[in-house]
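The values are calculated or read from the model by the stated rules, or taken from the named source; none is laboratory data. Since this is a predicted model, take the numbers as computed values, not measurements. Cβ coordinates were reconstructed from backbone atoms using ideal geometry, including for glycine residues, and neighbour counts include every protein chain displayed.
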Amino acid sequence: MSRITQEKKEEGTLIKISAFRDESKQKNLTIWLVFWTFCGIAIGSQLFIKGNNEIKTFIMVYIAFWGYFEYTVIKAFKWRKNGEEQFLITDEYFHYGRTYNNRGFLKPHRKDLVNAVRIIDKEVGPFAKIFGSSYWVVGGERLAFTAGGKVIPFGMQLTDKEVKQLLDKLNKFLD
C-alpha cells in the first residue's frame, strides 16, 4: 500500500503522505509508553510523602526529564497512529501542514514564492539522520522547499522510491 495518495478536490489537488507505521514497533512503543507513564506517576507520587528535601529536588528534576520524554513519545505515538503530511495545491497557493485525524492547519505559501522541491539528505548531519529515523520521534524529513526565504522540510521517513515519486509530483505542480 502506498503511503502517498492524491485526489482532486474542488479547491485544487490534495496530496497526503501518511506516517510510516510498523505494527511490531508500534506495539513496542505502546508497551514502552505504558510503563514509562506508570514509572513517572509512581516516582512523582513520592513528592507528596514527607521526606528529605534533597530527594524531593531530585524527584522534581527527574519529573522534568520524564515529562519531556512523555510528551515526545505521546506525540510520536499519535503521529504513527494517524498522522499525515498534506499538501493542497491550488492555482495560486501551495499549502502544507501536518495533520492528525485530518485535524490540523495547512499553511498557505504563494506559489510564486516557492522554490522547487529538493532532496535534503546531504544537508542533514549524521546525528540528525540517525535520530530522525528512530521510530519514537517525529522526524526524518528527506525533502524540503523554500518559501519566502524559509526552508520547510517534509517527507518524513520516506523510501527512496517514495522520495522520487513525491519530488516529481510536487515539482510538476510548481512549474
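Going by the structure shown, is Q46 over 30 Å from M156 (Cα atoms), polar (S, T, N, Q) and touching a residue at least 12 places away in the same chain (Cβ under 8 Å)?
Numbers: over 30 Å from M156 (Cα atoms): yes; polar (S, T, N, Q): yes; touching a residue at least 12 places away in the same chain (Cβ under 8 Å): yes.
Taking the combined requirement at face value, the residue satisfies it.
In region 8-40, what residues are among the aliphatic types (A, V, I, L, M) and surrounded by 12 or more Cβ atoms within 10 Å (Cβ to Cβ)? So that I can check it myself, show each step before the final result.
Step one: of region 8-40, the residues among the aliphatic types (A, V, I, L, M) are 14-15, 17, 19, 29, 31, 33-34.
Those that are among the aliphatic types (A, V, I, L, M) and surrounded by 12 or more Cβ atoms within 10 Å (Cβ to Cβ): L14, I15, I17, A19, L29, L33.
Can you confirm whether region 47-63 contains a residue that is under 30 Å from the mean Cα position of the chain (by Cα), in a helix (DSSP H, G or I), under 30 Å from N82 (Cα atoms) and of a type in the set (S, T, Y)? So far as region 47-63 goes, no, none of its residues is under 30 Å from the mean Cα position of the chain (by Cα), in a helix (DSSP H, G or I), under 30 Å from N82 (Cα atoms) and of a type in the set (S, T, Y).
Look through region 93-111, keep the residues that are among the charged types (D, E, K, R) and within 20 Å of L166 (Cα to Cα), and return whichever of them is nearest to the chain's Cα centre (by Cα).
So in region 93-111, the residues among the charged types (D, E, K, R) come out as 98, 103, 107, 110-111.
In the following step, the residues that additionally are within 20 Å of L166 (Cα to Cα) were identified as 98, 107, 110-111.
Working: R98: 7, K107: 16, R110: 23, K111: 24 Å.
The extreme case among them is R98.
Looking across region 71-129 at every residue that is in contact with a strand residue (DSSP E or B) (Cβ under 7 Å, 6 or more places away or on another chain) and of a type in the set (S, T, Y), the one that is farthest from G155 (Cα to Cα) is identified as Y93.
Using the structure shown, decide if F69 is closer than 24 Å to E162 by Cβ, in a helix (DSSP H, G or I) and either in contact (Cβ under 8 Å) with a residue 24 or more places away in the chain or of a type in the set (S, T, Y) (or both).
Working: closer than 24 Å to E162 by Cβ: no; in a helix (DSSP H, G or I): yes; either in contact (Cβ under 8 Å) with a residue 24 or more places away in the chain or of a type in the set (S, T, Y) (or both): yes.
So F69 fails the test.
Restricting attention to region 81-106 and to residues that are in contact with a Leu (Cβ under 7 Å, 6 or more places away or on another chain) and closer than 24 Å to F131 by Cβ, the residue that is surrounded by the most Cβ atoms within 10 Å (Cβ to Cβ) turns out to be Y96. Listed by position, the strands (runs of 3 or more DSSP E) enclosed by region 84-162 that each have at least 1 residues that are closer than 18 Å to D175 by Cβ are 93-100, 107-110, 141-147.
If you go through region 47-68 one residue at a time, how many are at pLDDT below 95 and either small (G, A, S) or touching a Phe, Trp or Tyr at 6+ places or on another chain (Cβ under 8 Å) (or both)? Number satisfying all stated conditions: 1.
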